[in-house]
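Notes to accompany the following structure.
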Amino acid sequence: MTKLPVSITQSKIQKAKPNPEELVFGRTFTDHMFVADYDEEIGWHDHRIVPYEPFELDPASIVFHYGQTVFEGLKAYASETDGKIRLFRPEQNMRRMNESCARLVMPQVDEKLALDALNQLLEIDKEWVPKAEGTSLYIRPFMIATESFLGVAPSKKYRFMIILSPVGSYYKEGIHPIKILVENNFVRAVAGGTGNAKTAGNYAAALKAQEVADQEGYSQVLWLDGVERKYVEEVGSMNIFFKINGEVVTPALNGSILEGITRKSILELLRYWNVPVTERKISMDEIKLANENGQLEEVFGTGTAAVISPVGELNWNGDKMIVNNGETGELSKKLYDTLTGIQTGKLEDPFGWVVQVKSDLTTHA
Ligand SMILES: *Cc1c(COP(=O)(O)O)cnc(C)c1O
């Protein structure tokens with residue numbers, strides 16, 4: 001494996017590790033971070049692992065004004081059984097980051113070297129991978145445009161960073177269905193826009209609808225297509241699946257939907273199990289009709305954070321569709337157990353999805 005020359009500055013302090021019971025998403029960060037800088041003339045340089053701390057940027061940095069930035073999200077899992085740390089399809093995240101970069105006119109990173117950097121960072125902060133059931137270390141690679149310039153043009157300078165955050169179990173009281181509000185007014189993305197890139201602007205555009213949904217007691221928004229407000233796209237940070245009369249359907253990738261790695265894995269798993277599954281356009285009218293006919297068997301979201309999130313209620317224009325009596329469906333549960341089992345090394349990995357981090361907890365603790 002290619003080894004990236006990385007300078008390492010050890011943190012002088014070691015922060016106290018949080019109580020795994022009290023971990024909340026995205027609030028705690030480990031002792032170190034990875035940083036590399038890019039310059040048009042010399043490319044990527046100064047690869048380094050340094051203490052996790054704030055850094056300075058010029059107020060005119062392009063990222064602050066025009067949102068030229070991309071990010072990724074994946075997890076490292078520690079196994080209590082064999083002490084190993086595992087990553088789930090990390091090469092897919094690096095590939096997707098480069099695709100997002102291409103859309104935002106940002107430089108490519110060498111995917112193998114980025115993975116090697118991540119490996120080295122995990123080696124240093126391995127004690128931070130929580131071991132309790134359902135917990136993991138969330139990994140956030142991201143790139144920002146750092147040139148100071150108020151003109152609207154692609155930056156000539158960038159910074160690529162990886163930060164790590166231990167996260168608790170998404171389902172503290174066991175897997176349970178969420179309520180979703182179908183959004184008819186606001187739009188997240190349109191084909192030709194940046195919906196299929198993991199870039200900040202998409203999330204800023206989504207905040208208002210999320211606020212309204214929160215106020216009405218719904219945990220997520222289901223986005224419809226931006227042209228006709230007729231076809232289902234995806235949920236906040238999850239892709240969406242429907243089981244209708246024995247067949248699993250999910251919206252086909254259309255340029256405005258983010259291609260989730262969990263989505264892709266679920267499709268592969270379902271095909272492996274010979275469950276009928278189709279990627280196509282799905283209208284809300286079709287969902288409503290299926291629900292009325294008693295054929296809407298299950299609805300679930302898929303994403304790195306929750307893995308599988310069953311949906312118990314869909315509210316479309318005040319019309320409340322209750323799915324599977326508001327309970328977790330059989331297939332949703334089976335997909336959740338299988339995917340989390342593969343990710344944590346409890347189940348066999350017939351697809352070769354899981355990558356072991358070089359370090360392991362037993363030999364280096
Ligand atoms: C990250 C993300 C997803 C899920 O992608 P995964 O790779 O499965 O985590 C889905 N939709 C949006 C908008 C996202 O940002």
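Counting lysine pairs in region 178-327 whose alpha carbons fall under 19 angstrom apart, excluding pairs fewer than 8 residues apart on the same chain, gives 16. Measuring nothing but how far apart in sequence close Cα pairs (under 8 Å, 6+ apart) lie, relative to its length, region 178-327 scores a relative contact order of 26 percent. Between M33 and V50, Y52, the built amide H atoms are under 5 Å apart, and every one of these is 5 or more places off in sequence or on another chain. Only beta bridges with both residues in the chain are counted; by DSSP, about 80 percent of them are antiparallel. Here the translational diffusion coefficient of region 41-149 follows from Stokes-Einstein with Rh set to the Kirkwood radius across Cα pairs; for 20 °C and 1.002 mPa s it amounts to 137 µm²/s. Under the shape rule built on the C-alpha gyration tensor, where the axes satisfy a ≥ b ≥ c, region 37-101 is prolate, since a/c reaches at least 1.5 and a/b is greater than b/c. Each residue of region 239-252 was assigned a 3J(HN,Hα) from its phi angle through the Karplus curve 6.51 cos²θ - 1.76 cosθ + 1.60 (θ = phi - 60°); the sequence is 7, 10, 10, 10, 10, 10, 6, x, 9, 8, 10, 9, x, 5 Hz, with glycine and proline shown as x. How would you classify the chain from its alpha-carbon gyration tensor, with a ≥ b ≥ c the square roots of the eigenvalues: rounded for a/c under 1.5, else prolate if a/b is greater than b/c, otherwise oblate? Taking the square roots of the gyration eigenvalues as a ≥ b ≥ c, the chain is oblate. Entry for region 156-248 at q = 0.22, 0.24, 0.25 Å⁻¹: log10 I(q)/I(0) = -1.22, -1.29, -1.32, Debye formula applied to identical alpha-carbon scatterers, no solvent contribution. A straight Cα-to-Cα reach below 16 Å connects K358 with the lysines K3, K75, K84, K112, K126, residues fewer than 8 places away in its own chain not being considered. Partners of K15 within straight-line reach, counting aspartates and glutamates whose Cα lies under 17 Å from its Cα and excluding those fewer than 8 residues away in the same chain: D31, E53, E123, D125, E127. A simple packing score, the average count of other Cβ atoms within 10 Å per residue, orders the peptides 180-186, 140-146 as 140-146, 180-186, with the highest score first. Approximating the spin labels as points 7 Å out from Cα along Cα→Cβ, the E80-to-E247 distance works out to 4.3 nm.
To put it simply, the accessible area of the chain at a 1.4 Å probe is 51 percent carbon and sulfur.
Computed over the alpha carbons of region 178-327, Rg followed by Dmax gives 14.3, 41 Å. On a per residue basis, the chain carries 45 Å² of accessible surface, using protein heavy atoms and a 1.4 Å probe.
Summing charges over all other residues whose Cβ lies under 13 Å from the Cβ of A145, with Lys and Arg as +1 and Asp and Glu as -1, gives -2.
The chymotrypsin sites (Phe, Trp or Tyr not before Pro) of region 1-84 that meet both conditions, a loop assignment by DSSP and at most 13 other Cβ atoms within 10 Å of the site Cβ, are F25, F55. Taken over region 151-202, the alpha-carbon convex hull comes to 170 cubic angstrom per residue. Over the chain, Cα pairs under 8 Å with separation of 6+ residues give a relative contact order of 18 percent. With an a/c value of 1.5 or above and a/b not larger than b/c for the gyration tensor axes a ≥ b ≥ c computed over the alpha-carbon atoms, region 186-236 is described as oblate. For the chain, the 222 nm mean residue ellipticity estimated from helices alone, with every DSSP H stretch of n ≥ 4 adding -39500 (n - 2.57) and the total spread over all residues, rounds to -7500 deg cm²/dmol. Only alpha carbons enter this Debye calculation for region 233-300, each as an equal point scatterer, and the log10 of I(q)/I(0) it gives at q = 0.14 Å⁻¹ is -0.40.
The values are calculated or read from the model by the stated rules, or taken from the named source; none is laboratory data. Note that this is a predicted model, so its numbers are computed, not measured. In this analysis, Cβ positions are derived from the backbone assuming ideal geometry, glycine residues included, and neighbour counts consider all displayed protein chains. For accessibility, only protein heavy atoms count, side chains too; no ligands or nucleic acids. Shrake-Rupley method; radii C 1.70, N 1.55, O 1.52, S 1.80 Å.
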